[in-house]
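Okay, structure first, notes after.
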Amino acid sequence: MNDVVYSLLCKRFLYCGAAEIGVAKVSWGYIVQQMAGENRHCAIYERALSFAGLGVLGLVGSLWLLPGANNDPMLLPFKLVLTSVFLFLAALLAWIAHRGVRQETHIDLDRGVLRQALRNRHGARRVVFRTRLEDVESLFILRGQRRGEAAHLFVRVCGRAEPVYVGSAEADALERLHRRVSEDVAHFRQMQMSEATAVPRVAFFSREVRGRAA
């Protein structure tokens, strides 16, 4: 369920051609996110979802509480089913609005992890996707079909069928971000390989020392 909703959000709300992307440096790495204009759009989407959820609840109440509501016992099963569907829809809309639709991509160089999170208009953040940097296969830029249309940056992840959406901006800005993330992924892989080859040597050396001491 989470993957379906998250994919829907990326394609309908986040993949909207925003023209500017920002990179915020933090102690453990950096955060990639859309800039202020996209934040305002996301806040509007969240409020719209909240109002839609309230509207659905009002519709449920009208089925039972309005003076003209038909309470015929023959219609009771149909009304119960319809009420259950509407209540589920209202809860889903409220859950999405509370969860937020503003996407952030975290490049955690300390832990070697790429995370994606959704942040709501109140600042609460929820991680929706996580993978190791060593599982990142490649990055690619999907350019706009028309002049002036924003390009979009994606990450291919091992074991995942669909690429992961990172952000939208002008092609030049995404090319710089593409190089930065690619270099960081390559550097992390090199460090992992160096550590993997260094550990057996240390263990062998320690066995030699113990053998001589004996």
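Among the residues of the stretch 78-96, is there at least one that is within 15 Å of the chain's Cα centre (by Cα) and either surrounded by 13 or more Cβ atoms within 10 Å (Cβ to Cβ) or not aliphatic (A, V, I, L, M) (or both)?
Yes - at least one qualifying residue is present in the stretch 78-96.
Take the residues of the stretch 21-70 that are modelled with pLDDT of 70 or more and either at positive phi or of a type in the set (S, T, N, Q) (or both): which is farthest from the chain's Cα centre (by Cα)?
Of everything passing the filter in the stretch 21-70, Ser62 is farthest from the chain's Cα centre (by Cα).
Which residues, taken from the stretch 109-131, are modelled with pLDDT of 85 or more, more than 15 Å from the chain's Cα centre (by Cα) and of a type outside the set (A, V, I, L, M)?
Of everything in the stretch 109-131, those that are modelled with pLDDT of 85 or more, more than 15 Å from the chain's Cα centre (by Cα) and of a type outside the set (A, V, I, L, M) turn out to be Asp110, Arg111, Gly112.
Let's see how each residue does on (1) of a type outside the set (Asp, Glu); (2) touching a residue at least 24 places away in the same chain (Cβ under 8 Å); (3) not in a helix (DSSP H, G or I):
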position: Trp95; (1), (2), (3): yes, no, no
position: Gln103; (1), (2), (3): yes, yes, yes
position: Ile107; (1), (2), (3): yes, yes, yes
position: Arg115; (1), (2), (3): yes, no, yes
position: Arg126; (1), (2), (3): yes, yes, yes
position: Phe129; (1), (2), (3): yes, yes, yes
position: Glu134; (1), (2), (3): no, yes, no
position: Glu137; (1), (2), (3): no, no, yes
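What pairs come out if I take residues in the stretch 171-196 that are in contact (Cβ under 8 Å) with a residue 40 or more places away in the chain and pair them with residues that are part of a helix (DSSP H, G or I) and of a type in the set (A, V, I, L, M, F, W, C) whose C-beta lies under 6 Å away, six or more apart or interchain?
From residues that are in contact (Cβ under 8 Å) with a residue 40 or more places away in the chain, the pairs are Val185/Leu133; Phe188/Leu133.
The values are calculated or read from the model by the stated rules, or taken from the named source; none is laboratory data. Given the structure is predicted, the values throughout are model-derived calculations rather than measurements. Backbone-built Cβ (ideal geometry, glycine too); neighbour counts: all protein chains shown.
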